[in-house]
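Enquirer: This is the structure, below, for whatever I ask next.
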Amino acid sequence: STISKNSLKSSLLQLECHFTWTLLKQDVDLDNIEATTGDQLEFFIKSNITNYNLLSYICHLKNSNEEALRNLQQAEEVVKKDYPDEIARRSLVTWGNYAWIYYHMERYEEAQTYVSKVENSYKKLSSTAQWKIQLPEIYAEQGWALLKFGRKYYKRAKNCFENALKNEPNNPEFNAGYAIAMYRLEQFSHKQCEDVNLSLKPLKRAVELNPEDTIIMALLALKLQDLNQVDEGERYIEKAMEKTPDLPYFLRYAAKFYRKREEADKALEILKKALAVTPKSSFLHHQVGLCYRAKLFQLKKTTRYPPQKQVEELIRLSIFHFKTATDQKTNFFSAYVDLANMYAEGKRYKEAEETFQKAFQINILCYDDKQQFYYHYGNFQRFHMKSESEAIRYYIEALKIEKDSIGRNKCRNALEKLLEQRISGGLGDATDFGTLGLVHNLNGEKHKAIECYEKAVALCPDNDEYLRALCELQLSI
């Protein structure tokens, strides 16, 4: 009956599980999450209950509810084995997912049974009259799920782990989750030109509480490397290498450490070992591509006439691995940009153009991604398509997004250099002066901007845009 269906729906919305955590499928590549979570189950990275519950939700999003139920049965097996004395407490998310999946399968009695199981368990666990108590492990499970759904979710993940730590400040797993969330957030604040080093302390703390967690050790090593404490970083990498020489999740960060130290061959050796274990990892393929690219640039820098065959081979290998990364994770923005640039390097301009367009069509781009895109696409137009006017157009698009980022700064510098070259070479027309005026204005350099607009107006007295910009500037000083 519909009434029970409506009251069931309102009970379902009260549950704490993947279906109520707003994890949106348009933000991820579902096949990729399914593959990586499957890999993690194989290597017991974290509590497998967490992975099976996440997989059940991913299967539901892919319209395979039967498969989703099988994963929940697996989660229940693990609970029985690992927490025989706390079955109810450890099954709340699993039972919540069960209820939702049965609801979507229109098996309402079964859905109601699981809703009641959750509600009754909460009543037993909670001393207060109100049945919703906040359990730290549920916060943590939500945190792990959010980390899987990409950068839009990292702030929320950090908050979840913070909430879990309020109750259990020394829990090694919650500290690890918190440190990972902080580390990833920081990678992006760096792109957005906010210099923060808030992850160093959480990473150190997580390593103290979790001396066997080599993934956290490797992240700490990378953080120390960023802070120019390379030797201390390497000590952590070497210690971790002794503990887990075959764990792909550790190896990928170890390889990144050596690549950033310009030891591309050593990094490649480590990455090939990791790829042998998890051949479908988009992260690993991207890193391999970056190593071949580093070798290519090194070769061009150190050899006056680099052997053409060697150059072509390095380009081919880079392209192969970048492309594999984008095939396996269809919203992998930086891998698309790297692939497009490598096609351009190999003079495959049509493929470069197509790949740039694919990168820009990804639906989850943040403003700094877009600015990064305009910089690389502007360079492609300028150096490969030989169109300075198109390059200028795209560099300006980045400046129009008035938020700071590394990509925006690169566009600004490229624009200033390019326009000043044109002007000093006597090629400068009114448009160039007008554009340079705009750049100075966006930089807050008002006097320089006025000079440029005055020259633009002198060259093109009828242009309303330049006149208006000039008047506004003179009034604002």
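Enquirer: Would you point out the residue of segment 89-109, among those that are outside any loop (DSSP other than H, G, I, E, B) and open to solvent by 70 Å² or more (accessible area, probe 1.4 Å), that is nearest to L54 (Cα to Cα)?
Expert: The residue in question is H104.
Enquirer: Which numbered condition trips up H60, out of (1) open to solvent by less than 10 Å² (accessible area, probe 1.4 Å); (2) closer than 19 Å to K9 by Cα; (3) not small (G, A, S)?
Expert: (1)
Enquirer: Does segment 279-338 hold any residues that are under 22 Å from the mean Cα position of the chain (by Cα) and farther than 25 Å from Y249 by Cβ, and which are they?
Expert: I319
Enquirer: Name the residues in segment 3-42 that are under 20 Å from N120 (Cβ atoms), in contact with a Gly (Cβ under 9 Å, 6 or more places away or on another chain) and not aliphatic (A, V, I, L, M), would you?
Expert: Scanning segment 3-42 gives E16, C17, F19, T20.
Enquirer: Consider only pairs whose beta carbons are under 9 Å apart and that are at least six residues apart or on different chains; among these, list those whose first residue lies in segment 381-401 and is closer than 26 Å to G346 by Cβ and whose second residue is open to solvent by 80 Å² or more (accessible area, probe 1.4 Å) and among the polar types (S, T, N, Q).
Expert: Q381/S389
Enquirer: Closer than 30 Å to C411 by Cβ and free of Cβ contacts under 8 Å to residues at least 40 places away in the same chain: which single residue out of L203, L185, L251 fits that description?
Expert: Being closer than 30 Å to C411 by Cβ and free of Cβ contacts under 8 Å to residues at least 40 places away in the same chain holds for just one of L203, L185, L251, which is L185.
Enquirer: Then there is this: Only one of (1) in contact (Cβ under 8 Å) with a residue 24 or more places away in the chain; (2) within 19 Å of K223 (Cβ to Cβ); (3) surrounded by 15 or more Cβ atoms within 10 Å (Cβ to Cβ) is not met by F161, so which one is it?
Expert: (1)
Enquirer: While we're here: Would it be correct to say that A414 is crowded, with 23+ Cβ neighbours inside 10 Å and either on the phi < 0 side of the Ramachandran plot or free of Cβ contacts under 8 Å to residues at least 24 places away in the same chain (or both)?
Expert: Considered against the rule, which asks whether it is crowded, with 23+ Cβ neighbours inside 10 Å and either on the phi < 0 side of the Ramachandran plot or free of Cβ contacts under 8 Å to residues at least 24 places away in the same chain (or both), A414 comes out as no.
Enquirer: In addition: Based on what the data block shows, is F297 open to solvent by 20 Å² or more (accessible area, probe 1.4 Å) and in a helix (DSSP H, G or I)?
Expert: Against the criterion (open to solvent by 20 Å² or more (accessible area, probe 1.4 Å) and in a helix (DSSP H, G or I)), F297 qualifies.
Enquirer: Please go through segment 230-266 and pick out each residue that is open to solvent by 70 Å² or more (accessible area, probe 1.4 Å), modelled with pLDDT of 95 or more and outside any helix (DSSP H, G or I).
Expert: Result: R261, E262.
Enquirer: On to the next question. Taking segment 433-446 on its own, how many of its residues are out of contact with any Phe, Trp or Tyr (no Cβ under 6 Å at 6 or more places or on another chain) and in contact (Cβ under 8 Å) with a residue 24 or more places away in the chain?
Expert: 8
The values are calculated or read from the model by the stated rules, or taken from the named source; none is laboratory data. None of these values were measured; they are calculated from a predicted model. Methodologically, a virtual Cβ is constructed for each residue, glycine included, from the backbone with ideal geometry; neighbour enumeration extends over all protein chains shown. The accessibility values were calculated without ligands, DNA or RNA, using every heavy atom of the protein model including side chains. Shrake-Rupley method; radii C 1.70, N 1.55, O 1.52, S 1.80 Å.
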